[in-house]
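The values are calculated or read from the model by the stated rules, or taken from the named source; none is laboratory data. Remember, it's a predicted structure, so these values are computed and weren't measured experimentally. Glycine also receives a Cβ, built like all others from the backbone with ideal geometry; neighbour counts cover every protein chain displayed. The protein model used for the area step is the full one, side chains on, heavy atoms only, and it has no ligands, DNA or RNA in it. Shrake-Rupley method; radii C 1.70, N 1.55, O 1.52, S 1.80 Å.
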Amino acid sequence: MTVLVTGASRGIGRAVALILAREGNRLILSSRPSPALEETARLVRERGAEALIYPADFTDRESVSALAEKLCSQITGLDVLINNAGQALSAPVEETREEDWDRLMAINARSPYFLTRALLPLMEGSDRKTILNIASVVGHEGYPLQSVYTASKHALVGWSKSLARELQPRGYRIHVISPGGVATDMVTGVRPDIDASQLIGPEEIAEWVRFLLTRTGKGMVDHINIRRESRQAW
Ligand SMILES: NC(=O)c1ccc[n+]([C@@H]2O[C@H](COP(=O)([O-])OP(=O)(O)OC[C@H]3O[C@@H](n4cnc5c(N)ncnc54)[C@H](OP(=O)(O)O)[C@@H]3O)[C@@H](O)[C@H]2O)c1
């Protein structure tokens, strides 16, 4: 299968790319350009799979549109789109700024919408066409100090539910995975006080992605929440 993974330079995105590489899929990898993204591509190739790098800034509408245009002109077909790139913010509401709202909405909610809308023509001919969105437990519940992040993930979850009902009759599978705290830069960056050993490993999320991509049933939306016993997001 040809699989596009956004946010592939590190964390969950890299773990997903590497697990899918072991199954011989062709990986299209995106995030902002960086040595880390190149490293993911190297690791994918080391596992015997093809890796293509298509950098973009997912907070920037022009950059996402340019990415979609390039893919539509250079790739012949796409089976799986994994909308994973994201940013978080931990701050009391009165310390959040309008630009934080715009940035988190842009990357966490608008970029999956833009990318999916633009890439549907590439996916239409696939008999495995699947859109998998990485949301969060904050997409279902409110968490203190995470109001902006929570709003953006609620938007992603609501959009995914509608997308599932709209596209399922055309043969699409829509999945949403909503992890609790995962041991990546996202958490250690904003909450250095947290004990990373108490968090879920990114490889565990990647295992769920791989499992969902093996589903061939007619189920409309597979919505998986993964959390440890703690009800804290992180
Ligand atoms: N970690 C958690 O506890 C947790 C829990 C629930 C859900 N999630 C979700 O899981 C997804 C992956 O997060 P993670 O934990 O793996 O975080 P991470 O390690 O910080 O990785 C985030 C990924 O998104 C990319 N990204 C960030 N800003 C970008 C931008 N402006 N343009 C393009 N790419 C950008 C990063 O690439 P560059 O910075 O190199 O561009 C990186 O590849 C996110 O949607 C996040 O909300 C995470």
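Structure data summary
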quantity: Every residue from segment 12-35 that is open to solvent by 30 Å² or more (accessible area, probe 1.4 Å) and in contact with a helix residue (DSSP H, G or I) (Cβ under 8 Å, 6 or more places away or on another chain); calculated: Arg14, Glu23
quantity: Unique match (being in a loop (DSSP other than H, G, I, E, B), touching a helix residue (DSSP H, G or I) at 6+ places or on another chain (Cβ under 9 Å), open to solvent by less than 50 Å² (accessible area, probe 1.4 Å) and modelled with pLDDT of 95 or more) among Leu78, Leu67; calculated: Leu78
quantity: Breaking point among (1) under 25 Å from Leu104 (Cβ atoms); (2) more than 8 Å from the ligand (Cβ to nearest atom); (3) of a type outside the set (Val, Ile, Thr), for Gly77; calculated: (1)
quantity: Residue in segment 111-133 that is farthest from His223 (Cα to Cα), counting only those that are of a type outside the set (Gly, Ala, Ser), open to solvent by 10 Å² or more (accessible area, probe 1.4 Å) and in contact with a Ser or Thr (Cβ under 9 Å, 6 or more places away or on another chain); calculated: Leu122
quantity: Residue count, segment 26-54 (criterion: within 13 Å of the ligand (Cβ to nearest atom) and small (Gly, Ala, Ser)); calculated: 5
quantity: Residue count, segment 1-50 (criterion: among the β-branched types (Val, Ile, Thr) and farther than 20 Å from Lys129 by Cα); calculated: 3
quantity: Scope segment 153-194; condition under 17 Å from Val80 (Cβ atoms), assigned to a helix (DSSP H, G or I) and not hydrophobic (A, V, I, L, M, F, W, C); matching residues; calculated: Ser160, Gln168, Arg170
